[in-house]
Amino acid sequence: MAIPPHSKPRHKKAPNKRSIIRWCVGTAMLTATALIISIPLIMRAEDNIQQAANVKAYAATITNTANKAIQESKRQAKLYNARLANQTSNQTDGEPATQNPDEYNRQLVIPPSDVMATINYPKLGISYPYATEQANRRSPSAQALEGTSLPIGGAGTHTVITAHRGLADKLMFTKLDQAREGDEFTITTLGETLTYQVQTIRTITPDDFTWINKHDASADQATLM
């Protein structure tokens with residue numbers, strides 16, 4: 001039987017300098033891509049945590065506030081909404097009603113918090129406190145649209161809540177286009193939670209306010225935009 005000759009072991013060729021550079025560049029590009037994708041997600045997650053803390057802090061403020069102060073705030077808000085409804089009924093131009101900004105900015109706010117209410121739309125991952133435009137200049141979040149009803153419910157009221165969409169570091173109303181008729185969301189004001197069901201979805205232009213004053217006078221309505 002023939003015995004094959006011993007063969008010399010083959011040695012792997014050492015990678016040259018160009019191959020090492022290619023590998024380093026490829027790895028760096030993959031790392032950069034991963035960072036570009038993950039940073040906005042991380043920032044949104046941090047914002048969600050912060051907003052959840054703000055919602056909790058608002059709830060604690062209301063819990064620690066005397067019931068007399070809560071009821072007086074609600075009474076003033078109802079009076080405000082009544083005056084607003086009276087003004088709106090006499091308007092024909094479709095513009096939001098104009099009220100005293102200072103009076104509006106004081107409504108439903110229990111110091112030291114500047115939050116007016118909170119909104120929760122579980123399906124869209126929305127859980128945000130919201131305030132007046134004045135407060136949002138200090139800490140951007142969702143806000144109540146001035147010239148619309150305060151969010152305390154009641155027949156003939158129509159509160160409107162606005163927020164940014166498409167921000168890299170905040171979810172806010174980015175998923176609002178995923179809303180569907182029949183969905184439910186809640187608004188909590190001064191410890192009282194109101195539940196709303198989505199009835200209509202529409203696209204409007206920034207200069208179109210005619211829909212604000214066209215609502216059921218016997219209904220309690222809320223619009224997210």
Give me, ordered by chain and number, the residues 5 or more places off residue 149 or on other chains with an amide H under 5 Å from its own placed amide H.
158, 159, 160
Heavy atoms of the protein only, probe of 1.4 Å, neighbouring chains included. What is the accessible area of residue 158 in Å², nearest 10?
10 Å²
Here is the link list: 56/78; 78/170; 68/175. Which ones come out longer than 28 Å on Cα distance?
78/170; 68/175
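The values are calculated or read from the model by the stated rules, or taken from the named source; none is laboratory data. Remember, it's a predicted structure, so these values are computed and weren't measured experimentally. In case anyone asks, the SASA skips ligands and DNA or RNA and just uses the protein heavy atoms, side chains included. Shrake-Rupley method; radii C 1.70, N 1.55, O 1.52, S 1.80 Å.
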